[in-house]
1. Given the criteria within 17 Å of the chain's Cα centre (by Cα), of a type outside the set (F, W, Y) and within 23 Å of L321 (Cβ to Cβ), does T45 qualify?
2. Regarding the range 411-422, can at least one residue be identified that is closer than 17 Å to T198 by Cβ and either open to solvent by less than 70 Å² (accessible area, probe 1.4 Å) or among the hydrophobic types (A, V, I, L, M, F, W, C) (or both)?
3. How many residues, within the range 147-203, are open to solvent by 40 Å² or more (accessible area, probe 1.4 Å) and either on the phi > 0 side of the Ramachandran plot or assigned to a loop (DSSP other than H, G, I, E, B) (or both)?
4. Assess whether L295 counts as being at negative phi, open to solvent by less than 10 Å² (accessible area, probe 1.4 Å), out of contact with any His (no Cβ under 6 Å at 6 or more places or on another chain) and modelled with pLDDT of 95 or more.
5. Whether any residue in the range 281-301 is over 20 Å from I218 (Cβ atoms) and touching a Cys at 6+ places or on another chain (Cβ under 8 Å) is what I want to check.
6. Quick one: in the range 298-315, of everything that is farther than 16 Å from N62 by Cα and of a type outside the set (K, R), which residue is most open to solvent (accessible area, probe 1.4 Å)?
7. Restricting the search to the range 57-104, which residues are among the small types (G, A, S) and touching a helix residue (DSSP H, G or I) at 6+ places or on another chain (Cβ under 9 Å)?
8. Going by what's in this entry, would R200 be described as closer than 20 Å to A134 by Cα and among the charged types (D, E, K, R)?
Amino acid sequence: MKDTASTVGAPRLRPRTVLISVAAGAALLASTALFAPAANAAASTLGAAAAQSGRYFGTATNSSQLSNAAYATILNREFNSIVAENEMKWDATEPQQNVFNFGGGDRLVAHARANGMSVRGHTLVWHAQQPGWAQSLSGSALRNAMVNHINQVAGHFRGQIHSWDVVNEAFADGGSGGRRDSNLQRTGNDWIEVAFRTARAADPNARLCYNDYNTDGINAKSTGIYNMVRDFKNRGVPIDCVGFQSHLGTSIPGDYQANLQRFADLGVDVQITELDVAQGSNQASIYERVTRACLAVTRCTGITVWGIRDSDSWRRGENPLLFDGNGNKKPAYQSVLNALNSVSGPNPTNPPPTTIAPPPPGGACSASVSLNSWNGGFVATVRVTAGNAAIRGWTVRVTLPSGTTITGTWNAQASGSTGTVDFTNVSYNGQLGAGASTEFGFQGTGTGPSGTPTCTAT
């Protein structure tokens, strides 16, 4: 989604919607009061109410907002998930090529860990908010940079992210149902598949999502995405979830729930990822309908609102959030809370990863390599696995073919760039429990290594 500092252009509204009358909205609100919780006692916060059915209820935020006491009080009280609004995007994490800045993202992850929240990662690849150096690239140079960026960012946050928006907004608006023209699309039609395969290797336990807007109902754009997801599932491309931004105006498509369900029927989770609703007499009822639609779809694992207070929203002037500018709960807040409290019983979800204690010393290790190659270049992903005892560190030796040069390495330190190269663990991935694995990677020009690497435990 857009940087909150940028409000140029009209808000993204749904092309096909069904207008809800004021009377219908009032009826929906009245029915909510009569729909009592099934088994659990009513929770008093959004996150706690969502957790009753195994879901999360999250918000977008930035690390700079954490120092605002009034804001942080609402954040910590109400939500059990957060997503970085801007601080994990390409321009923020790699402002110069292969020079990475994870400060803002690390602060958000630390805050989430300290407050028992999960984290959504947003976003690894997007045609917008690219750094200037990436905008100037094309073809294989841009493709290589994209692969390296995914490996570096997802690798840095490996094991700390519940769900990654791997690719954001790659489909065009309008009636074609086709891809958006962008510098990424012009690298080849397989670029989205490459992004998902790279992300899986870099952060194997995270849920991998495709995320887009104007897809809330069954229309040409959402059907184009549906066809892509179906193709990925049929061919074994790793995709776990689809995100629906749901930046709504004063109406909601009548087939909103049916659209979520058809994606879920493909065998992927669905998530409401950037929810906000323009203020109006039916704002509360639209929020309620979105919430109930998610609750009705077993594989809808959570909802994220795109900000907390109206004053924090990128849609300033439309007052689209659950709290007003002073932090007061709006009627929409109560309608969401009532809906979340109306169901009980766990829903199958993918829980956030847990922290593993450092292992004791000793043991041995092995290594295997997988390649993603193209004409003139490659990306190698190396998996390091401890033997039947824990290890404190490792070194992997790889022999490169003549004429091959390493141009980038992540999650390891390389002793050189040609010939026989030793890769040594970095501070955060050297300790492995018995049978546990970690991965590092490198990219280069020429031909990738074909032999089996050796691993030495330290």
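The values are calculated or read from the model by the stated rules, or taken from the named source; none is laboratory data. Keep in mind that what you see is a predicted model, and the values were worked out from it rather than measured. Please note: Cβ atoms are built from the backbone with ideal geometry, for glycine as well, and neighbour counts cover all protein chains shown. Accessible surface areas use protein heavy atoms only, side chains included; no ligands, DNA or RNA. Shrake-Rupley method; radii C 1.70, N 1.55, O 1.52, S 1.80 Å.
1. No; evaluated as a whole, the condition is false for this residue.
2. So far as the range 411-422 goes, yes, one or more of its residues are closer than 17 Å to T198 by Cβ and either open to solvent by less than 70 Å² (accessible area, probe 1.4 Å) or among the hydrophobic types (A, V, I, L, M, F, W, C) (or both).
3. 10
4. no
5. Checked the range 281-301: at least one residue is over 20 Å from I218 (Cβ atoms) and touching a Cys at 6+ places or on another chain (Cβ under 8 Å).
6. T298
7. Residues satisfying the conditions are G58, A60, S63, S64, A72, S81, A84, A92, G103, G104.
8. No: the conditions fail for R200.
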